[in-house]
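The values are calculated or read from the model by the stated rules, or taken from the named source; none is laboratory data. The structure displayed is predicted, hence computed values, not measured ones. Don't worry about glycine lacking a Cβ; one is built from the backbone with ideal geometry, like all the others, and counts go over all protein chains shown. For the accessible areas, the whole protein counts, side chains as well, though only heavy atoms, and no ligand, DNA or RNA atoms are used. Shrake-Rupley method; radii C 1.70, N 1.55, O 1.52, S 1.80 Å.
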Amino acid sequence: MMERLDKYWIGIVIGLLMPFFFIWAYMTHFHLWSSWQMFGMSLSGTWSKLLLLSVFPNMAFLFVFYAADAWRLAKGILIGALPYMITAIAVTL
């Protein structure tokens, strides 16, 4: 089963979508949408921290896929997480 799923593109898709859904769930759970509407979206420090925080679920899946010897899937997750980390650095500067 794992050999069939061990593809780079599946890892990249998971790596791109998981942080997006994590940010959405985090902001919904802590009611950050209304706070940002009230104070404005110019909170770049908060965005950078939220983007860095959103990559942590990817790291958990990275560990799981390395333990399951799904190397391509794990590498794809790392590639999918890179845009979030680069964006966090760019927002900070």
* Do we have any residue at all in the stretch 54-62 that's over 14 Å from the mean Cα position of the chain (by Cα) and either on the phi < 0 side of the Ramachandran plot or part of a loop (DSSP other than H, G, I, E, B) (or both)? -> no
* Asked: Which residues, counting only those in the stretch 3-48, are over 17 Å from the mean Cα position of the chain (by Cα), assigned to a helix (DSSP H, G or I) and closer than 20 Å to Trp71 by Cβ?
  -> Glu3, Arg4, Leu5
* Structure fact -> In the stretch 9-34, anything hydroxyl-bearing (Ser, Thr, Tyr) and either touching a Ser or Thr at 6+ places or on another chain (Cβ under 6 Å) or closer than 18 Å to Val55 by Cβ (or both) is listed as Tyr26
* Filter result for the condition that a residue is over 16 Å from Val13 (Cα atoms), part of a helix (DSSP H, G or I), among the hydrophobic types (A, V, I, L, M, F, W, C) and under 11 Å from the mean Cα position of the chain (by Cα), over Leu51, Leu78 -> Leu51
* Asked: All but one of (1) over 17 Å from the mean Cα position of the chain (by Cα); (2) touching a residue at least 12 places away in the same chain (Cβ under 8 Å); (3) open to solvent by less than 70 Å² (accessible area, probe 1.4 Å) hold for Trp71; which doesn't?
  -> (3)
* Asked: Taking Gly76, is it among the small types (Gly, Ala, Ser) and either out of contact with any helix residue (DSSP H, G or I) (no Cβ under 9 Å at 6 or more places or on another chain) or exposed (fewer than 15 other Cβ atoms within 10 Å of the Cβ) (or both)?
  -> no
* To do: Would you check if there is a residue in the stretch 45-67 being of a type in the set (Gly, Ala, Ser), in contact with a Ser or Thr (Cβ under 7 Å, 6 or more places away or on another chain) and modelled with pLDDT under 90?
  => yes
* Structure fact -> The lone condition Trp9 fails out of (1) free of Cβ contacts under 8 Å to residues at least 60 places away in the same chain; (2) open to solvent by 100 Å² or more (accessible area, probe 1.4 Å) is (1)
